[in-house]
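In what follows, a single structure is set out as structure tokens and then discussed.
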Amino acid sequence: PSFQPTHPLALAPVTSPPHSVDGFVREFLRELNTDAGVTLSRSTVNDQYLSLARTVRHYLSARWLENTRKVRETKAKMVGYLSAEFLLGRQLGNALLATDLEEIAEKALAECGIDIATLRAQEVEPGLGNGGLGRLAACFIDSLATMGVPCIGYGIRYEYGIFRQTFVDGRQVEQPDTWLSLGSPWEFPHPEHAVQVDFGGHTETYTDGDGVERTRWVPAWNVLGMPYNYMVPGYQNGQVNTLRLWSAQATKAFDLPTFNSGDYADAVRAQTFAENITKVLYPEDSTPQGKELRLQQQYFFVACSIRDFLDRFILDGDVTTLPERVIFQLNDTHPVIAVPELMRVLVDIEKLDWDAAWAITKQCFAYTCHTLLPEALEVWPTELLGRLLPRHLEIIYRINDEFLAEVRAAYPDDELRARQMSIIAEYPERSVRMAYLATVAGSKVNGVAELHSQLLRDKVLHDFSEYWPEKFTNVTNGVTPRRFMRLANPGLSGLITETLGTGWLTDLERLAELEPYAEDADFRDAFVKIKEANKTRLYRLLQARDGVALPGHHLLDVMVKRLHEYKRQSLKLLHIVSIYEQIITGKVALDQITPRTFVFGAKAAPGYRIAKETIYLINSVAKVVNSDPLVKDVLKVVFPANYNVTLAETLIPAADLSEQISLAGKEASGTGNMKFALNGALTIGTDDGANVEIRKLVGDEHFFLFGLAEPEVAELQAKGYHPHEYYESDPQLKATLDLIASGHFSGGDRSVFEPLVSNLLYDDRFMALADFKDYAEAQARVDAAYADQETWARSAVLNVARSGFFSSDRSMRDYIDRIWHTQPLR
Ligand code: B1N
């Protein structure tokens with residue numbers, strides 16, 4: 001739209017409100033009065049929070065509008081980060097930090113008689129992700145904004161994010177996450193940019209005006225994609241990028257016929273049907289269920305996103321310029337249906353010929369794989385995909401035919417190889433292997449840590465890496481130091497700034513300059529005091545939130561991550577039960593025990609039986625241990641419900657010991673491991689994922705390594721793994737498992753944990769028993785190290801000093817150099 005304003009204010013550029021306490025107060029009260037429609041004296045905490053959020057937002061708007069304009073005008077190449085999950089965490093603190101308004105806002109609110117901490121606590125975090133994958137997306141967009149690189153994140157605005165976990169008698173009970181119910185001040189709906197998305201129906205061929213044979217899709221139904229924009233502010237640099245999340249609504253075309261036929265109830269049902277698509281986040285982490293609604297979600301958001309990008313950034317309509325304007329990064333296989341979608345748009349709608357369209361498409365995508373677990377690699381039955389997206393299935397078949405022709409030409413007489421590499425699997429049912437489709441289409445394929453990328457090349461995508469060695473690369477994950485250091489750990493951040501000056505938060509390798517201070521007793525002292533204060537802060541929170549009281553002087557041993565067998569929470573639990581068993585049987589004296597508090601945080605996918613039983617076992621052990629007077633001074637086990645980003649921000653800075661104990665070769669990277677190291681916890685871990693790189697950087701003496709290495713795991717698997725043999729040959733392991741089986745933690749009922757114990761004894765897919773002894777020995781080394789507080793503090797400081805590599809800014813630089821080839825604005 002173009003029109004000519006005449007008022008001088010309308011002609012001037014948009015400006016920010018004054019950066020002063022008075023300016024802020026004025027802006028805040030105006031929000032409260034005109035938007036919330038209340039006076040200060042009558043306002044609720046929620047009114048105040050919403051108004052504060054909107055006030056902070058005002059300070060970002062001008063730069064946001066300016067950035068978007070500049071990207072359009074300069075035709076800068078953008079990153080289009082396509083992700084089904086963005087686990088953002090609370091927005092207020094980050095927005096205040098980005099705008100450098102923390103002090104001003106605090107003072108301004110104090111002058112209004114409001115404690116800003118109360119308002120901060122009012123925010124419900126948008127839990128639009130499951131775990132590491134979704135949080136990684138959030139860290140990446142933070143880093144890109146901070147580096148001034150134009151990026152648009154595209155995802156789904158789930159009405160219900162990851163479920164709220166509660167415990168009822170020790171068992172997980174899921175509650176809906178109603179994050180939108182008190183208002184969502186950070187989002188801007190843009191109904192004028194809504195996009196129609198089609199589904200179902202059939203395809204037909206026709207001859208166009210030029211006599212060319214073409215295909216068109218005749219869909220059966222459609223929904224409307226409603227975009228909601230979120231600001232993604234860079235750290236104090238004036239850059240604001242956009243995150244655009246899509247919400248599904250009924251289209252008029254969809255419900256009007258029913259409505260007109262007089263069946264009002266059915267018309268409303270139609271609306272509900274459409275809205276179902278973005279109703280809820282699938283709560284499986286790493287093991288997605290092949291549900292039709294999930295495929296609908298995936299297609300829905302990528303179809304909206306591609307249409308949106310073309311409409312808003314390819315203003316001259318010349319789609320052949322697309323590779324100069326965007327690189328779409330596929331965050332795992334969840335958005336991979338974008339590949340046939342772009343082909344459909346280019347061939348069927350833009351009327352490009354197939355080869356030209358394919359040449360463009362191949363340049364526009366790159367693929368990140370986040371797993372190695374075979375059950376986590378998404379496949380869609382062709383029956384389902386063809387029913388929902390008939391044209392896309394045809395396109396996938398053609399991509400596959402042409403690809404296999406290439407493979408057969410490159411490897412004549414090797415039909416087995418061609419079949420192995422086919423995008424279409426024939427068994428157990430004909431289906432589309434989304435990871436193969438992404439690999440064929442992507443300009444690059446990357447894993448998320450050195451070891452993971454190596455295993456991708458050697459195993460999961462072996463034939464592909466042989467065929468296209470240059471396509472494969474690694475980008476080790478990272479985390480944003482703004483949220484996970486500066487916001488989560490203001491104490492440590494203050495000490496670092498006092499010591500190094502400013503600048504390290506956007507140049508995290510500068511933490512290396514802390515190295516000499518590991519030898520400085522005053523510095524270590526300050527460091528230890530901060531750790532203690534962080535523990536106190538955590539214990540206050542857990543007291544208020546979960547009603548648990550914890551002793552101050554224990555070693556704080558933390559395992560927080562999704563509950564999954566491969567991550568081996570059960571191994572941690574065996575260690576705890578083993579210590580407890582040794583105490584109650586008198587094998588060790590109490591004064592030999594290092595007092596420890598064990599913290600678990602973990603959600604289990606609602607349908608994951610063993611995971612839920614493990615939660616119940618942890619809570620059952622906690623109950624017995626915590627109420628046993630014999631061990632009350634040395635052992636505490638706590639499992640606060642509903643671990644999320646907000647809790648992580650208080651928990652991680654308090655930890656002494658970080659548990660990263662997955663079976664080697666199973667955890668693609670891990671990112672919690674990095675957050676702990678950066679906050680001065682020492683790691684006990686296997687040689688897995690990014691642990692390998694953490695250990696290499698911090699040094700063996702400052703890392704507690706244990707367990708089988710990946711090649712040993714493969715070897716043991718090949719020769720046959722018999723967990724029962726470990727049980728028989730290790731008396732302490734036997735005593736530990738026997739105590740659980742005896743009913744000691746289940747009021748004498750031996751049947752309760754029988755399935756879990758049997759699973760460990762006779763199956764143990766992730767070899768917890770094989771690693772138990774070595775784990776216990778490594779824990780003994782932890783105790784010994786902790787006994788010397790000076791040495792421990794030195795190691796903790798060195799962990800911080802040597803972990804600068806794990807900033808997501810560095811990950812972004814790697815993506816830019818190796819994959820995206822984009823530039824910062826200006
Ligand atoms: O992605 C993280 C890694 O640090 C973790 O090691 C990895 O486990 C995690 C299906 C996933 N891989 N796959 C998923 C999530 C949801 C879903 O529906 C799979 N998450 C990971 C970041 O690279």
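The values are calculated or read from the model by the stated rules, or taken from the named source; none is laboratory data. Owing to the predicted nature of the structure, the values given are computational and were not obtained by experimental measurement. FYI the Cβ positions are ideal-geometry reconstructions off the backbone, even for glycines, and counts take in every protein chain you see.
Computed values, structure above
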item	result
Only listed residue being hydrophobic (A, V, I, L, M, F, W, C) and more than 30 Å from Glu509 (Cβ to Cβ), chosen from Leu739, Leu825	Leu739
Which listed residue is assigned by TED's automatic domain parsing to the domain that holds Pro323, among the charged types (D, E, K, R) and within 16 Å of the ligand (Cβ to nearest atom), from Glu375, Glu383, Glu429	Glu375
Whichever residue in segment 36-86 is at pLDDT 95 or above and among the acidic types (Asp, Glu) and, among such residues, is nearest to Tyr158 (Cα to Cα)	Glu85
Residue check for Gln454: closer than 30 Å to Pro711 by Cα, of a type outside the set (Asp, Glu) and not assigned by TED's automatic domain parsing to the domain that holds Pro323	yes
Test: Val319 is within 16 Å of the ligand (Cβ to nearest atom), within 21 Å of Trp354 (Cα to Cα) and either more than 27 Å from the chain's Cα centre (by Cα) or of a type in the set (A, V, I, L, M, F, W, C) (or both)	no
Helices (runs of 4 or more DSSP H) wholly inside segment 442-530 containing at least 2 residues that are under 27 Å from Ala117 (Cα atoms)	490-500
Qualifying residue in segment 63-85 (condition: within 24 Å of the chain's Cα centre (by Cα), over 28 Å from Ala338 (Cα atoms) and not aromatic (Phe, Trp, Tyr))	no
The one condition in (1) more than 21 Å from Gly183 (Cβ to Cβ); (2) outside any helix (DSSP H, G or I) that Val38 fails to fulfil	(1)
In segment 407-432, the residues that are free of Cβ contacts under 8 Å to residues at least 40 places away in the same chain, surrounded by 14 or more Cβ atoms within 10 Å (Cβ to Cβ) and part of a helix (DSSP H, G or I)	Arg408, Ala418
Subset of segment 69-98 [more than 16 Å from the ligand (Cβ to nearest atom), touching a Gly at 6+ places or on another chain (Cβ under 9 Å) and either among the aromatic types (Phe, Trp, Tyr) or not in a helix (DSSP H, G or I) (or both)]	Val79, Gly80
Residue in segment 376-383 that is among the polar types (S, T, N, Q) and within 22 Å of Tyr815 (Cα to Cα) present	no
Options Leu384, Leu388, Leu346, Leu322: the member that is within 30 Å of Thr207 (Cβ to Cβ), touching a residue at least 24 places away in the same chain (Cβ under 8 Å) and in contact with an Asp or Glu (Cβ under 8 Å, 6 or more places away or on another chain)	Leu388
Segment 276-304, subset in a helix (DSSP H, G or I) and among the aromatic types (Phe, Trp, Tyr), residue nearest to the ligand (Cβ to nearest atom)	Phe301
Test for Lys636: is it more than 14 Å from the ligand (Cβ to nearest atom), surrounded by 20 or more Cβ atoms within 10 Å (Cβ to Cβ), assigned to a strand (DSSP E or B) and touching a residue at least 24 places away in the same chain (Cβ under 8 Å)	yes
Residue list for segment 137-160, restricted to those being in contact with a Phe, Trp or Tyr (Cβ under 6 Å, 6 or more places away or on another chain), within 15 Å of the ligand (Cβ to nearest atom) and not in a strand (DSSP E or B)	Ala137, Ala138
Candidate set from segment 457-498 (those that are within 16 Å of the ligand (Cβ to nearest atom), farther than 18 Å from Cys369 by Cα and not hydrophobic (A, V, I, L, M, F, W, C)); member that is surrounded by the fewest Cβ atoms within 10 Å (Cβ to Cβ)	Arg483
Hits in segment 186-242 - residues which are of a type in the set (D, E, K, R) and over 14 Å from Arg391 (Cβ atoms)	Glu187, Glu192, Asp208, Asp210, Glu213
Inter-residue pairs, beta-carbon under 8 Å, first assigned by TED's automatic domain parsing to the domain that holds Ala303 and among the charged types (D, E, K, R) and in segment 269-289, second away from the ligand (no atom under 16 Å from the Cβ) and assigned to a loop (DSSP other than H, G, I, E, B), 6+ apart	Glu275/Glu159; Lys279/Glu159
Members of segment 137-146 found to be of a type outside the set (Asp, Glu) and within 13 Å of Pro481 (Cβ to Cβ), listed by number	Cys139, Ser143, Thr146
Test for Thr118: is it surrounded by 24 or more Cβ atoms within 10 Å (Cβ to Cβ), more than 15 Å from the ligand (Cβ to nearest atom) and either in a helix (DSSP H, G or I) or at pLDDT below 95 (or both)	no
Among the residues listed as Gly209, Gly134, Gly170, the single one being away from the ligand (no atom under 16 Å from the Cβ), at pLDDT 95 or above and of a type outside the set (Asp, Glu)	Gly170
2 or more residues over 19 Å from the mean Cα position of the chain (by Cα) and more than 16 Å from the ligand (Cβ to nearest atom): qualifying strands (runs of 3 or more DSSP E) within segment 651-728	682-685, 703-705
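Rundown of residues vs (1) more than 22 Å from Leu574 (Cβ to Cβ); (2) touching a Pro at 6+ places or on another chain (Cβ under 9 Å); (3) surrounded by fewer than 21 Cβ atoms within 10 Å (Cβ to Cβ); (4) at pLDDT below 95, yes/no style:
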position: Leu682; (1), (2), (3), (4): no, no, no, no
position: Ala690; (1), (2), (3), (4): yes, no, no, no
position: Val713; (1), (2), (3), (4): no, no, no, no
position: His724; (1), (2), (3), (4): no, no, yes, no
position: Pro731; (1), (2), (3), (4): no, no, yes, no
position: Asp738; (1), (2), (3), (4): no, no, yes, no
